[in-house]
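The values are calculated or read from the model by the stated rules, or taken from the named source; none is laboratory data. No experiment lies behind these values; they were computed from the predicted model shown. FYI the Cβ positions are ideal-geometry reconstructions off the backbone, even for glycines, and counts take in every protein chain you see.
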Ligand code: AMP
């Protein structure tokens, strides 16, 4: 692979070895464009104004240099030295979790602070000392006023998804926070869009910032491949099951699946083996001989699925792909175009499938704009679709067998049974046996419909604003929701720590309340609780049913979310 020499590594960006080791352990093979640009600038100590969206790797783009700087600039006291402000509770948890993973071995603790969680626990954690805090503006201000959050020794501030924070009405809170923190600090502001309100904040609070825009170059018209482009919106936890189901429906000939990390590659290979696919991994951690072996299998059609990272797939010359799958929305439009260009070659039709999380939908639109081609948003096949498809396959193989003949050796069985039973009844029983023996009746759980945006469930909002931010009907892409039908969120008093996964809640609700999973909206699992978005008309029924039952063996509190 000739382009390997040109690959820029995390070490080349100037990050200290412990951080390089941490991202390598996470399976990141190379920095994304926003990381390549932002990390060296931030390590240098520059302020930064960055235009980048979710899914581009921007969290690591500020988190890694923040960790790098904070270990370099050893601080004194127990005050907070790094602060990240984010618009929602959900994002606060996600960003804190990411920083925690990157900080392995550095001894820098990170604390998320968001509304809706018990104040006394947050205060106790702050008293123990929190060098890095990830907070929603409302809750950060609350702690500043109580003097439980000490920002006197703040060295680095990040405003993440700044446009979203303004949209949610946090402008005043941001002003109040920004006016009370040390001038001597480094500031980075990230925003998906750069309206004048954001520019004004940047002018007031950033010092001659470097600008980083994740340029999405327009590919030349001839370069845009003509392939069917489809995207599915799905929550991360359901991606493996979703992709398996989609491929079962598509029945692809030869497929290349792109993942972000080595770990993802490896776990997907296992998922697909369990589904009976011949899947092979291809990533940068493999030696050339192993790679050649895998490619050999794929070319000889002894493997159906090749699951690869971008780095490993670079320079691959494979001709007969029927499908290319983006397991995540790629970090740049160029990467997208490059990836999907691998199918539909030589005038043959191809399909490009992209799995996007609800938050990444904006990225799809950006890609559409630049490629000037439509990406169809498709509905994740339901259990019923899958069953129908499987029956179709059984029917097709029976037809083939009938046309091929060569069944004389069992004909006598049919004839002898025909003396006792109706011939259609015999055929039906035989088909049922054949169908069952295809062993495909597993994986029968519905995959919940992912809504367009977090429906506000995890937003840290103030009561006065609640009415405004909550009155919008949930925007459901998959038609699982009747437009305008009011929805509410239910609080379930068990979360990640109790081992709850979205499937447990879907199972309990569909099973106990006899409500179809299709009507369920976003499900958010926090450490100690979960929130489920349901149609208001079914809320009481679901609450009553869940109160009668146990989830993961325990009785749990179920009620309307108090933030409603
Ligand atoms: P973000 O845009 O920060 O929300 O990141 C999107 C996803 O990309 C997260 O799941 C990260 O773990 C992952 N990610 C970030 N940087 C890289 C990288 N250099 N290589 C692979 N995955 C990455």
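Quick notes on this structure:
- Scanning the stretch 39-72 for residues that are more than 10 Å from the ligand (Cβ to nearest atom) and in a loop (DSSP other than H, G, I, E, B) yields 45, 46, 47.
- Candidate set: the stretch 102-121, residues that are touching a helix residue (DSSP H, G or I) at 6+ places or on another chain (Cβ under 7 Å) and surrounded by fewer than 23 Cβ atoms within 10 Å (Cβ to Cβ); chosen: the one modelled with the highest pLDDT: 111
- Test result for residue 533, at negative phi and either at pLDDT 75 or above or in contact with a helix residue (DSSP H, G or I) (Cβ under 9 Å, 6 or more places away or on another chain) (or both): yes
- Taken over the stretch 182-213, the criterion of being in contact with a helix residue (DSSP H, G or I) (Cβ under 9 Å, 6 or more places away or on another chain) and outside any strand (DSSP E or B) is satisfied by 192, 193, 194, 195, 197, 198, 201, 202, 204, 205, 209.
- Enumeration of residues in the stretch 268-303 that are closer than 22 Å to residue 238 by Cα and in contact with a strand residue (DSSP E or B) (Cβ under 9 Å, 6 or more places away or on another chain): 268, 269, 270, 271, 272, 273, 277, 278, 279, 280, 281
- Flag if residue 90 is crowded, with 21+ Cβ neighbours inside 10 Å, in contact with a strand residue (DSSP E or B) (Cβ under 9 Å, 6 or more places away or on another chain) and at positive phi: no
- Unique match (being away from the ligand (no atom under 16 Å from the Cβ) and in contact with a strand residue (DSSP E or B) (Cβ under 6 Å, 6 or more places away or on another chain)) among 155, 139: 139
- Beta carbons closer than 9 Å, at least 6 apart along the sequence or on distinct chains, pair a first residue in the stretch 50-61 that is on the phi > 0 side of the Ramachandran plot with a second that is part of a helix (DSSP H, G or I) and at pLDDT below 90 for 55/359; 55/360; 55/362; 55/363.
- Test: residue in the stretch 75-86 that is part of a strand (DSSP E or B), crowded, with 24+ Cβ neighbours inside 10 Å and within 15 Å of the ligand (Cβ to nearest atom): yes
- Answer residue from the stretch 29-38, given it is in contact with a strand residue (DSSP E or B) (Cβ under 6 Å, 6 or more places away or on another chain) and either more than 7 Å from the ligand (Cβ to nearest atom) or modelled with pLDDT of 95 or more (or both) and is farthest from residue 157 (Cα to Cα) among those: 37
- Check on residue 377, at pLDDT 85 or above, surrounded by fewer than 17 Cβ atoms within 10 Å (Cβ to Cβ) and in a strand (DSSP E or B): yes
- Meets criteria (in a loop (DSSP other than H, G, I, E, B), within 14 Å of the ligand (Cβ to nearest atom) and either modelled with pLDDT of 95 or more or buried (at least 24 other Cβ atoms within 10 Å of the Cβ) (or both)) for residue 15: yes
- Selection status of residue 311, within 14 Å of the ligand (Cβ to nearest atom), under 26 Å from residue 24 (Cα atoms), assigned to a loop (DSSP other than H, G, I, E, B) and touching a residue at least 60 places away in the same chain (Cβ under 8 Å): no
- Within the option set 329, 294, being crowded, with 17+ Cβ neighbours inside 10 Å and more than 16 Å from the ligand (Cβ to nearest atom) holds for one residue only, 294.
- So residue 140, is it crowded, with 20+ Cβ neighbours inside 10 Å, over 26 Å from the mean Cα position of the chain (by Cα) and assigned to a loop (DSSP other than H, G, I, E, B): no
- In the stretch 64-98, the residues that are without any contact (Cβ under 8 Å) to a residue 40 or more places away in the chain and either touching a helix residue (DSSP H, G or I) at 6+ places or on another chain (Cβ under 8 Å) or not assigned by TED's automatic domain parsing to the domain that holds residue 122 (or both): 94, 98
- Taken together, 445, 501, 465, 475 contain a single residue that is surrounded by fewer than 17 Cβ atoms within 10 Å (Cβ to Cβ), under 26 Å from residue 383 (Cβ atoms), out of contact with any strand residue (DSSP E or B) (no Cβ under 6 Å at 6 or more places or on another chain) and modelled with pLDDT under 55, which is 475.
- Looking across 175, 150, one residue alone is surrounded by fewer than 24 Cβ atoms within 10 Å (Cβ to Cβ) and assigned to a loop (DSSP other than H, G, I, E, B). It is 150.
- Among all residues of the stretch 43-52, there is none that is surrounded by fewer than 20 Cβ atoms within 10 Å (Cβ to Cβ) and within 22 Å of residue 263 (Cα to Cα).
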